[in-house]
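For reference, the structure discussed in these notes is given below.
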2 protein chains.
Amino acid sequence: MPFALLLEAPEAPLDLPLAMLLVFGSAKLLGELFERLRQPAIVGEILAGVLIGPGVLGWMQPHEFLVALAELGVMFLLFRVGLEVKSSELLKVGGSATLVAVLGVAIPFFLGWGILQLWGEPQLESIFTGAAMVATSVGITAQVLASKGLLSLEASKVILAAAVIDDILGLLILALVSSLARGGVNVVELASTAVVAIGFTAVVVKWGTRTMKRVVPRVQKRMISGESQFALAMILLFALSYMAAHSGVAAIIGAFLAGMALADTVSHRVHDLAHGVTELLVPFFLVGIGLHLDVSAFSNWSTVAMAAVIFLAAVVSKFVGCGLGAYRMGWRNASRVGVGMIPRGEVGMVVAQIGLSMGVVLPHVYAVVVFMSVATTIAAPPLLRIAYRGAAEEEADATAAAEEDFRLG
Amino acid sequence: MPFALLLEAPEAPLDLPLAMLLVFGSAKLLGELFERLRQPAIVGEILAGVLIGPGVLGWMQPHEFLVALAELGVMFLLFRVGLEVKSSELLKVGGSATLVAVLGVAIPFFLGWGILQLWGEPQLESIFTGAAMVATSVGITAQVLASKGLLSLEASKVILAAAVIDDILGLLILALVSSLARGGVNVVELASTAVVAIGFTAVVVKWGTRTMKRVVPRVQKRMISGESQFALAMILLFALSYMAAHSGVAAIIGAFLAGMALADTVSHRVHDLAHGVTELLVPFFLVGIGLHLDVSAFSNWSTVAMAAVIFLAAVVSKFVGCGLGAYRMGWRNASRVGVGMIPRGEVGMVVAQIGLSMGVVLPHVYAVVVFMSVATTIAAPPLLRIAYRGAAEEEADATAAAEEDFRLG
C-alpha cells in the first residue's frame, strides 16, 4: 500500500503532500457527496476523518502536524467569524447568553455524572464524564452559520456569546475536577484562574474594537510593506490567541476576540486573504475530529449501550439547558440556541484525554466520551438546518434593520 | 528532495500561537525595517530567523511543525508563481534554459570540489560539498520577481525553466554521490531515476495545461460545493507535489507545475485565496532558512576562511555558469539569469544533511555549507534588484506586446 509511508507511528516522518492530499481531498469528496444527498457538507468532512482514520481504512493517524494544522484551522475559522460580529452586539445579548451558558453547563454535567453513577462507575470517573459533557465546541456551529450567512441573527449572536462564557465555565470545571483527582481543591488558585480568564475576555470585548480603530489606521499609514493590514491582523490573531491560552481560556476564543476587535476596521482584502487560509485549513479541523473516533473500541454491548445513552443525554441536556436559558426569546430562537450549543467536538475529547492520562478515566469510558464528542458534532449541522429553516428571510430583514439603525444612528 | 530531513526532532511540545506569533511577527518586523532601509524585505525575513534561532537569541528551534509549514509555504509560493506562467512560454525558452542549467550545475560542482581538495579535505567530503553547491533554491528568486511583478520578462522565464531542469540535475548528482558514498554506482538505477523524473516533468509541462482546460470547467459545472474551483486547485497542487516527490523531483517543482497547468483556467478568486495562504506561510519558509544558521559553529579562523571562500565561489560559479549559458540573450539578460540562480536556500542544506547523516561530511564542513546556503540566499535579492534595474518599463512593454499578440492571434 502506498500509504505505508504515512504516519504509522507518531515518530514516522511525514509525507507532507500525501497527508495534505488525503485529508483535504477526502474531506472535499465526502463534503460534495453529502451536499448532493442534501445533507450538510460539514458532516461529510467529519466522516471523511472517521473513514481514513485508524477505525476504518487506517490510512491516517492523528499526527502532530495534522493536529497543529487542525488547531490553526479552527483558530482561523473563529477569527473569520469574529470579523463578522461587532462586540457591541455581543454585549447586548450578554444577559441571555450568561443564562444559556450556566444552564447549558449545569444540566449536562449533572446528567452525565448521574448516568455513570447509575452504571456503577467510580465517582471520579463519573465527574470527569460530566465535565466532558459541559464544553461546547463552537467551531462547528460557527462554520454552519457562517457558510449560510446567518451570523447576524439574534440567536446566532446568543450562541457565540454563550460559547465564550461556556468556555470559561468549562475551564473552571476542568480545573476543579483535575484538582479533585489530585486529591484537594485549592480555592484561591481556582478563584485567581477565574479572575484572570474573565478579566482577559472582558477587557478585550470592551476595549478591543476601540483600540483597534485607533491603532490600525495609524500603524498602516506608517508601514511601507505590502499587505500590511493583513500582517497586522495576523499578528493580533496570534497574540490574542497566545494571551487567551495563557489566561486559561482556549486559544480559539482569543482568535474570535481578535476577529471581533478588527471587525470595524479591516478592509475586504483582509477578509479574502484570511478566507483563503480558512478554506484550506478547516477540512483539517473537521477531518481531525473524525480521526479520533476508533470504532473498534466498541466491542462489547455494555460499552455500545453506554455510548448511546451518553450521546442522547449530551444532546438532550444541552438542548434543554440552553433552550431554557433562552426561553425569553421565544420557542423558535430558544430551539436554535439549544441546537447550536450541542456539538462537543475537540473540547470534550481534551477533557477525557486529561482524565485518561491521570488514570481516573478508563479506556472504555474514554471511547464513550470520544464517541459522544464526535456524534454530537455530526448531529448538530442537520439539526441546525431544521432549527434555522426560513431564517434566510429573517436575516435579510435583520440586515435591513441594521442598515436602518446605521442610517438613523 | 525531502525538506523534512532538516528536522532535528526536539521533543518539547509546541506552543502553537506563540510559535506563529514569533515567526510571523519577527519576519514582518524585520521585513518592514529592511524596506525602510531600502533593502529587500525578504533579506530581513531570513535574518529574523537567524536572530530568533539557536545561533543568537535562541527563542526558536527548527521544530517539526515549523519545518512542515515552511515546506507548505514554499509549495504555495511556487504554485502562485506557476499560476502566472504559461507552459508554452516556458517551452519556448527551453533551449537557453537547458544550457543555463547544465553550465550552472557543472561549474559550481567542480569549483566546490576543487576548493575542498586544495584545503586537504577527504575526497567524498569534497564531492558532497560540490553537490551542495549545485542546486538552486528558486523560491527566493521567484518571491522577489513575483512581488515586483517581473515574472513575464524573458530572463525571468529562463530562470524558472532552468530551475526546473537544475532540480532534476541536482537529483541525479545527489543520487550519484550518495551511491558513491555507499560504495558503488548502480548505472541502471541512476538511468531509471533520470527517466522517471524527466518523464514526469515533461508530461505535465506538455499536457498539463491542455488537460486542465478540459477538466476544470467540466468538473466545476458538476460540483455543487462552494469554492469548488479552489478545492480543485488545491487537490491538483497536492497531487502533483506528491507525484513529483515520488518521481524524484522536489515537491515544490510539482507545485509549480500544478500552478502552471491551471494558469489559463482558474478565476481570479483562486489567485486571491491562494495568495492569502502564501502571505501567511512564506515568512515560515524564509525564517526557516535563517533558523538553520548556527553562527556559534564558526569558532576557528580556518572554518571562517573556508566559509568565506566557499560563499564567494558559490556566488561567482553560478553567476558565471548560468550567465554563460544565457550569453546569447545579451549581457543584461545574462546577468539577470546569473544572479537569479545564485540562492541555494534549503536545497543545499538538505544535501549537506544527507552527507552528515552518512558520516562523510564533518560538522565543520556542514556548518560551512549551511552558511553558504543562507548567505547566497541573502545575497541574491539585493543583486537581483541591481540586475533588474529599469525592468519595470520593459515589463510594461512586454505586457503590451503580449496583449498585442493576443489581439492579433
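Quick notes
- Comment: the Cα-to-Cβ extended label point of A:S296, at 7 Å, lies 4.4 nm from its counterparts in the other copies, nearest first.
- Partner chain coverage, peptide A:58-71 - average Cβ within 10 angstrom: 3
- Among the residues of A:274-283, the average count of other protein chain beta-carbon atoms within 10 Å of the residue beta-carbon is 6.
- Proximal charge balance of A:T376 [Cβ under 10 Å; K/R count +1, D/E count -1]: +2
- The alpha-carbon positions of region A:241-397 define a convex hull whose volume is 164 Å³ per residue.
- Computed label-point distance, nm, for sites A:S225 and A:Q117 using a 7 Å Cα→Cβ extension: 5.6
- Ranked A:H63, A:H271, criterion: other C-beta atoms within 10 Å, fewest first: A:H271, A:H63
- Cβ crowding within 10 Å ranks B:R36, B:R214 as B:R214, B:R36, fewest other Cβ atoms first.
- Note on B:N186 and B:R210: the extension gain reaches 4.9 nm, defined as 0.36 nm multiplied by sequence separation minus the Cα-Cα distance.
- Against the compact-protein benchmark of 2.2 N^0.38 Å, the Cα-based radius of gyration of region A:260-347 scales to 1.56.
- Counting from the shortest, the label point at A:K92, 7 Å from Cα toward Cβ, is 5.8 nm from the same position in each remaining copy.
- Dividing the helix sum by the residues of chain B, where each DSSP H run of 4 or more adds -39500 (n - 2.57), gives a mean residue ellipticity at 222 nm of -26500 deg cm²/dmol.
- Sorted from nearest, the other copies put their A:P363 label points 4.3 nm away, the label point being 7 Å from Cα in the direction of Cβ.
- Total formal charge among the other residues, if their Cβ is under 15 angstrom from that of B:L172, Lys/Arg +1 and Asp/Glu -1: -3
- Take B:54-62, B:342-350 and order them by the average number of nearby Cβ atoms within 10 Å per residue, most first; the result is B:342-350, B:54-62.
- Taking the C-alpha atoms only, the angle from helix B:391-408 to the longest principal axis of chain B is near 30 degrees.
- Chain A: relative contact order in percent, alpha carbon pairs under 8 Å with at least 6 residues between: 27
- Prolate/oblate/rounded call for region B:64-388, Cα gyration tensor, a/c under 1.5 rounded: prolate
- Listed from fewest to most Cβ neighbours within 10 Å, the set A:T265, A:T377 follows the order A:T265, A:T377.
- Tail fraction, Cα-Cα pairs, region A:99-250, threshold 18 Å, whole percent: 69
- Taking the C-alpha atoms only, the angle from helix B:123-132 to the longest principal axis of chain B is near 30 degrees.
- Partner chain coverage, peptide A:86-99 - average Cβ within 10 angstrom: 0
- For the protein assembly as shown, the fraction of C-alpha pairs farther apart than 35 angstrom is 50 percent.
- Counted by Cβ distance under 13 Å from B:V347, the other residues give a net charge of -2, where Lys and Arg count +1 and Asp and Glu count -1.
- Stokes-Einstein diffusion coefficient of region A:21-99, Kirkwood radius over Cα pairs, 10 °C, 1.306 mPa s, in µm²/s: 106
- Förster-model FRET efficiency, 22 Å R0, A:I198 and A:V316, C-beta, rounded to 0.05: 0.15
- Too-long pairs where the Cα-Cα distance tops 18 Å, listed order kept, from A:K28/B:K86; B:K148/B:K318; A:K206/B:K28; A:K92/A:K206; B:K206/B:K318: A:K28/B:K86; B:K148/B:K318; A:K206/B:K28; B:K206/B:K318
Read-outs throughout are calculated quantities, based only on the coordinates presented, and are distinct from any laboratory measurement. If you're wondering where the values come from, they're calculated on a predicted model, not measured in any experiment. Because the Cβ atoms are built from the backbone with ideal geometry, glycine has one as well, and the counts that use them run over all protein chains shown.
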